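One structure below.
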Amino acid sequence: MPRQAWSPKRERQYEHVKESEKERGRSEETAERIAAATVNQTRTAKGETKEPKSPAERAQARRDMARVGKKGGKAAKGGSRGRS
């Protein structure tokens, strides 16, 4: 998988995420894709990238991250009720 030059810190992050995904039973190819998406998402969030991702790249990264897990939780059902 072609990728930009990452810092040593991001290389370690990539290897860590890849190994974690393989331990969860993911294939090598899927683990690599998820790890790369995770590192690239982190780089983007930290402002380490110079060019924005294309819409197709963002969509693929979102799909990869959705497979890993969801952030946050669901809102409580039943509307906004105050404390009683």
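The values are calculated or read from the model by the stated rules, or taken from the named source; none is laboratory data. Only a predicted model underlies this, so the values are computations on that prediction, with no experimental measurement involved. Cβ placement follows ideal geometry from the backbone for every residue including glycine, while neighbour counts extend to all protein chains displayed.
Quick look at the numbers
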| quantity | calculated |
| --- | --- |
| Any pair with Cβ under 7 angstrom, 6 or more apart, that starts in segment 3-23 at a residue that is modelled with pLDDT of 95 or more and ends at one that is among the small types (Gly, Ala, Ser) and surrounded by 12 or more Cβ atoms within 10 Å (Cβ to Cβ) | Tyr14/Ala35; Tyr14/Ala36; Val17/Ala35; Lys18/Ala31; Lys18/Ala35; Glu21/Ala31; Glu21/Ala35; Lys22/Ala31 |
| Whichever residue in segment 40-61 is among the polar types (S, T, N, Q) and at pLDDT 80 or above and, among such residues, is surrounded by the fewest Cβ atoms within 10 Å (Cβ to Cβ) | Ser54 |
| Single match in Arg83, Arg67 (criterion: in a helix (DSSP H, G or I) and at pLDDT below 80) | Arg67 |
